[in-house]
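Read-outs throughout are calculated quantities, based only on the coordinates presented, and are distinct from any laboratory measurement. Here the structure is a predicted model, which is why all the values come from computation and not from measurement. For neighbour counting, all protein chains shown are included, and Cβ atoms are generated from backbone atoms with ideal geometry for every residue, glycine included.
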Amino acid sequence: MSSQTTAAVFTGTAEQKEALMALIDEHRGQPGALMPVLQKAQDIYGYLPIEVQNAIAEGLGISLAEVYGVVTFYAQFSLNPKGKYVIGVCMGTACYVKNAQAVLDRCKKELNIEVGECTPDGLFSIQDTRCLGCCGLAPVMMINDDVYGRLVPDDIPGILAKYQQQ
Amino acid sequence: MYRSHILVCGGTGCHSSRSAEIVEKMQEELAAVGLTDEVQVVQTGCFGLCALGPIVIVYPEGAFYSHITPEDVKEIVDEHLLKGRIVKRLLYQETLDGDNIKSLNETSFYNKQKRIALRNCGVINPESIDEYIGTDGYLALAKVLTEMTPDDVIDVMLKSGLRGRGGAGFPTGMKWNFAKAQPKGQKYVCCNADEGDPGAFMDRSILEGDPHAVLEAMAIAGYTIGANQGYIYVRAEYPIAVKRLQIAINQAREYGLLGKNILNTGFDFDIDLRLGAGAFVCGEETALMTSIEGNRGEPRPRPPFPAVKGLFGKPTILNNVETYANVPRIILNGADWFRSMGTEKSTGTKVFALGGKIKNTGLVEVPMGTTMREIIEDIGGGAPSGKKVKAAQTGGPSGGCIPADLFDTPVDFESLQAIGSMMGSGGLVVMDEDNCMVDIAKFFLDFTVGESCGKCAPCRIGTRRIYEILTKITEGEAEMEDLDTLKELCMHVKQNSLCALGQTAPNPVLSTMQYFMDEYIAHVRDKKCPTGVCQKLLQYVIIPEKCTGCTLCKRNCPVEAIDGKVKEKHTIDTSKCIKCGVCMEKCRFGAIIKQ
Ligand SMILES: Cc1cc2nc3c(=O)[nH]c(=O)nc-3n(C[C@H](O)[C@H](O)[C@H](O)COP(=O)(O)O)c2cc1C
Ligand code: FES
């Protein structure tokens, strides 16, 4: 699991704060509200810094410890900002036996970052993910919601270039 | 009425290879030649043969085009649809029989299959409730609500012998009966769409290809046990499935097939989605419910079973996506029909996800009791490279590796368990002689160490210790005694863990030790990895007979570990070698091997 504290300085905007408050109001009092609120809050901010967790705890009337406990339990929640484009290289069985490691290594080499890190320009971050359910195309990676299959390491530079130009 | 229908696969696999673009292009080209009113383009769910994607099928001819790119679209429209000439060059070659084309059902991939759970995948447009209704959709719900009592439904389910497809194989009718027997009041129906098994993607395909089937079955379950609310817990990693489910729910509400007073029978039932957040243990039933409640997804001891005390403390049933997908057909066709397929104790069919070193990767649905060999060799087409298939892994991190000499085992719940594996959710990953079985065991333990929720010590600490011993073995640091310790530790974790995650985590180790002990011994005693996968045990060597002394390897070695003069045999100094593999890549004579 990723590190347990937030490294970056928090810089939330007023619009983000407003969206968060509206989100909390919408879910207040519903049973099991915490997960959907955290998921949407992460969409708003891109990650879940302690400031946001605090606001959610207060808004939903639960302890910060409970919120933090849930955030650190699930792999999807991040305490650190992610890149604009999140690269998830599948490390599921079908991909693993078809040498997904080489694809992951090439991504790390091209971007010069490690798994869990973000490029200095904030464009990319890399994760190793669980099975993406496209095992028929192994090895597979996802960049945000786009899936790329039947990869060989030499495909990586071309794919990344597409996002760099956008 | 359209004269032709073009089906374009919109499953995740084909989607990633630009099938959406193909649909767009198809519509453009049809418009350009004025065929828009005569030819309908439908984006469907997965056809199952992901290895050939993107796939386009044109009816009424049933021409099966494979590996289509947007650039091919114009040719298909101009030749096939305008001039009526099938583009043979683009056909799946197996459907080509001299000058004729064979129907898909005659190809070796499809002819042994029996598609029930996948019946609509690749056939209808999953975003259209009308197409679902057109294939008898929601007829089972109507029949249940108007003609059957809850006891009748349970009777059919029990007689059908349907067992849970999520892994454990618990009889579905019995589960529903327990929940129904609870006092009236708030109850829940849940669907497990967390599909955590790496290598399994049948639930994804059903959700993407036939979402209404799941909604219909959940409503039937709701009526049976007396629940008015359902939840589908679906992985956030499946964006297309989430989107289509949401569309389906909205459409069903619009048509009055979900919500209040369904079909004017006074029955209320609604369904909401809950997204998972990337924790494998949340596929376990009690953990899944804890997660829907908004907590850390940790399992809790059973009893009480969820049928008595489940979600929010209320009686709850949880079934897997594929289990639900079977329900409407069982209601419509009857228990005897379902029993006529499969074996005595494992009735019906099972979907398998073929992956790994196999030619026809994709989804297949076969009657229970089909042998592994039929699935892997006849339907799957064997290993693509012509290499020898060594083993198949079923059941994911809870299952085991089945060696090729046991491939005549029929696949049903009992037979797989008897040989140290399990059905699991139906992932079937094929491995060939290039895969190291110790490394595979380590891969799975790495997975369970990461996914152990940490609540109970045998699983939290035990899996880590197992992983450490496996690491020692793959690095050549282990002694023979370690193998005994490993086995003992595995038994300990199996017997003492709280939930099935820990109880089954040692299976990949135990089964590989049972069938591939020689590989373990090679690593431990001879300090060798027979397949050359374990880096630490590798040695790059030059075969003198093949070396021409071209010096290419020597010039490319980053650490000057290679010695030799021009036109003379070269050698590698293993104490300097960092095993980067550059020399082997560069050698033009195949003179460098790793061993
Ligand atoms: C660690 C663990 C992970 C599981 N993951 C899944 C899963 O991803 N999907 C699923 O349907 N069942 C999963 N199960 C099985 C469920 O606990 C449960 O038995 C099943 O969903 C019940 O539905 P069924 O009777 O229709 O199979 C998992 C079990 C364990 C112990
Ligand atoms: S193992 Fe990679 S997509 Fe399933």
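Structural remarks
- Eligible aspartates and glutamates near B:Lys74 by straight Cα distance, threshold 13 Å, same-chain separation 8 or greater: B:Glu21, B:Glu24, B:Glu28, B:Glu29
- Cα-based equivalent ellipsoid of region B:437-524: semi-axis lengths in Å, sorted from largest, via gyration tensor: 21, 12, 11
- Computed [θ] at 222 nm, deg cm²/dmol, chain A (DSSP H ≥ 4; -39,500 (n - 2.57); rounded to nearest 500): -13000 deg cm²/dmol
- For B:Tyr231, the residues whose modelled amide H falls within less than 5 Å of its own, excluding neighbours fewer than 5 places apart on the same chain, are B:Val189, B:Cys190, B:Cys191, B:Asp272.
- Residues of region B:59-81 with amide N under 17 Å of the 7 Å Cα→Cβ point at A:Glu110: none
- Dipole-positive endmost among B:Thr149, A:Val67, B:Ala383 within the protein assembly as shown (Cβ charges, Cα centre): B:Ala383
- Of B:Ala353, B:Asn250, B:Ser66, farthest towards positive along the dipole that unit charges on Lys, Arg, Asp, Glu beta carbons give the protein assembly as shown: B:Ala353
- Charge dipole (Cα centre; +1 on Lys/Arg Cβ, -1 on Asp/Glu Cβ; no other charges) of the protein assembly as shown amounts to roughly 1300 debye.
- Region B:181-195 and region B:383-448 have Cα centres spaced 33 Å apart.
- Highest-MSF residue in chain A out of A:Leu60, A:Leu38, A:Leu48 [GNM, Cα springs under 10 Å]: A:Leu60
- Computed over chain B: relative contact order in percent, which uses C-alpha pairs under 8 Å that are six or more apart: 11 percent
- When +1 charges are put on Lys and Arg Cβ atoms and -1 charges on Asp and Glu Cβ atoms, the dipole computed for region B:499-595 relative to its Cα centre reaches about 380 debye.
- Base-10 log of normalised Debye intensity for chain B (one unit scatterer per alpha-carbon) at q = 0.07, 0.09, 0.12 Å⁻¹: -0.50, -0.79, -1.22
- Nearest-ten-degree value, helix A:100-111 long axis tilted from longest Cα axis of chain A: 80 degrees
- For B:Arg244, net neighbour charge (Lys/Arg +1, Asp/Glu -1) across residues whose Cβ lies under 10 Å away: -2
- Inter-part distance where region B:548-595 and region B:274-292 are each reduced to a Cα centre, Å: 51 Å
- Distance between modelled label sites at B:Glu28 and A:Lys17, nm, 7 Å Cα→Cβ extension: 4.7 nm
- Inter-site label distance for B:Thr265 and A:Lys162 at 7 Å from Cα along Cβ, in nm: 4.7 nm
- Folded to 0 to 90 degrees: helix B:321-333 orientation relative to chain B principal axis, Cα: 40 degrees
- Label-to-label distance, nm, for residues given as B:Asp155 and B:Lys74 (7 Å Cα→Cβ offset): 6.4 nm
- Farthest toward the positive end of the dipole of region A:85-165, out of A:Ile126, A:Gly136, A:Gly88, is the Cα of A:Gly136, where the dipole comes from beta carbon charges about the Cα centre.
- Excluding same-chain neighbours fewer than eight residues apart, the aspartates and glutamates reachable from B:Lys576 by a Cα-Cα span under 13 Å are B:Glu560, B:Asp563.
- Restricting attention to the protein assembly as shown, close to 55% of DSSP beta bridges with both partner residues there are antiparallel.
- Nearest-ten-degree value, helix A:156-165 long axis tilted from longest Cα axis of chain A: 50 degrees
- Rounded to the nearest 20, the size of the Cβ-charge dipole of region A:85-165 about its Cα centre is 240 debye, with Lys and Arg at +1 and Asp and Glu at -1.
- Cross-link reach list, aspartates and glutamates versus B:Lys387, counting only Cα pairs under 14 Å and skipping chain neighbours closer than eight places: B:Glu377, B:Asp432, B:Glu433, B:Asp434
- Spread of Cα-to-Cα distances over 20 Å intervals beginning at zero, given as percent, for the protein assembly as shown: 16, 48, 32, 5, 0
- Violating pairs (Cα-Cα greater than 23 angstrom) within the set B:Lys357/B:Lys487; B:Lys83/B:Lys114; A:Lys98/B:Lys88; B:Lys175/B:Lys350; B:Lys390/B:Lys528: B:Lys357/B:Lys487; B:Lys83/B:Lys114; A:Lys98/B:Lys88
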